[in-house]
Amino acid sequence: MFTINKCLVNICPDDALSSFDENGNIKAERGYCIDHTPDPGKTQAEIYNYIKNHEKIIGLNACGIIFKDIDFSNKKFFGCNFSHCTFQNIKWEHSLVRISIFDFAFFNDCNFIQNNTVYSSFSCSTLTHTLFNSSDMKQCNFNGIKAFQCSFDNSDFFSSRFIKATLVNTSFRNCNLKKTIFKNSDRQNVSFKMSNTREAIFDSPENISGSIDNLQFGNSIVDGD
């Protein structure tokens, strides 16, 4: 896992970004957060270069960094912290992610096709026009996310959680939803066609807003279709 160091500015509660030695390796000592680093451009460039030059990225803390038009395909991320980051037009195809944090991040026009992610958290993130198609996203935390015009089709969400998520114009077609939790989620025009929704956990009927006739149970469930 990444080393959780606080910013060197004593009154700052934010996490420090990873810093690097002369050989480009991550150092363990404390540094500055994105708001207090003396040279934000240099710090961001070092993080970009570290990801670019390594196939396996372990313990990277990039909290608050903006990533734009970068290809993370075929990379392997272990114990990394990407909370509060912004991802614009990022490719994550065929990448592997383990025990990493993307809480409160922003994803726009990103591509996670055939991604393999386990034990990771996207809690309270905002996703627009982002694809998680044909991916393994097992035992992940999507609690409180806001997803607009996203697709999770043909993916495995075994034992993942979407509690209090807001899902709008979003698709979960042909997904494995065994033990996936959608309690207290706000779903507008969401399709679960061909997914095993009988093995997922939704709100009890008395807690579902709107007509129960709008929910089609069986081999699939469709909201607003």
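Residue by residue, here is whether (1) touching a helix residue (DSSP H, G or I) at 6+ places or on another chain (Cβ under 7 Å); (2) within 17 Å of residue 165 (Cα to Cα); (3) modelled with pLDDT of 95 or more holds:
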residue	(1), (2), (3)
76	no, no, yes
89	no, no, yes
92	no, no, no
104	no, yes, yes
119	no, no, yes
124	no, yes, yes
127	no, yes, yes
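The single condition among (1) farther than 17 Å from residue 124 by Cα; (2) open to solvent by 10 Å² or more (accessible area, probe 1.4 Å) that residue 192 does not satisfy is (2). Taking residue 39, is it more than 20 Å from residue 112 (Cβ to Cβ) and touching a residue at least 12 places away in the same chain (Cβ under 8 Å)? No. Looking at segment 167-184, can you tell me whether even one residue there is in contact with a Gly (Cβ under 7 Å, 6 or more places away or on another chain), at pLDDT 95 or above and in a loop (DSSP other than H, G, I, E, B)? Scanning segment 167-184, I find no residue that is in contact with a Gly (Cβ under 7 Å, 6 or more places away or on another chain), at pLDDT 95 or above and in a loop (DSSP other than H, G, I, E, B), so the answer is no. Within segment 138-150, residues that are free of Cβ contacts under 8 Å to residues at least 60 places away in the same chain and part of a strand (DSSP E or B) sit with their Cβ atoms under 8 Å from residues that are of a type in the set (Phe, Trp, Tyr) and buried (at least 21 other Cβ atoms within 10 Å of the Cβ), at 6+ positions apart or across chains, in these pairs: 138/157; 141/122. Screening residue 151 against (1) small (Gly, Ala, Ser); (2) surrounded by fewer than 18 Cβ atoms within 10 Å (Cβ to Cβ); (3) closer than 19 Å to residue 194 by Cβ leaves a single unmet condition, (2).
Filtering segment 166-185 down to residues that are of a type in the set (S, T, N, Q) and under 17 Å from residue 139 (Cβ atoms), which residue is least open to solvent (accessible area, probe 1.4 Å)?
Our first condition is that a residue be of a type in the set (S, T, N, Q); within segment 166-185, this holds for 166, 169-171, 174, 176, 180, 184-185.
When the remaining residues are screened for being under 17 Å from residue 139 (Cβ atoms), the result is 176, 180.
Numbers: 176: 47, 180: 0 Å².
Among them, the one singled out is 180.
Applying the criterion of being modelled with pLDDT of 95 or more and not polar (S, T, N, Q) to the residues of segment 106-117, the residue that is farthest from the chain's Cα centre (by Cα) is 109.
The values are calculated or read from the model by the stated rules, or taken from the named source; none is laboratory data. Since we're looking at a predicted model, the values are computed, not measured. A quick note on method: Cβ atoms are made from the backbone with ideal geometry, for glycine too, and the neighbour counts reach across all protein chains shown. Accessible surface areas use protein heavy atoms only, side chains included; no ligands, DNA or RNA. Shrake-Rupley method; radii C 1.70, N 1.55, O 1.52, S 1.80 Å.
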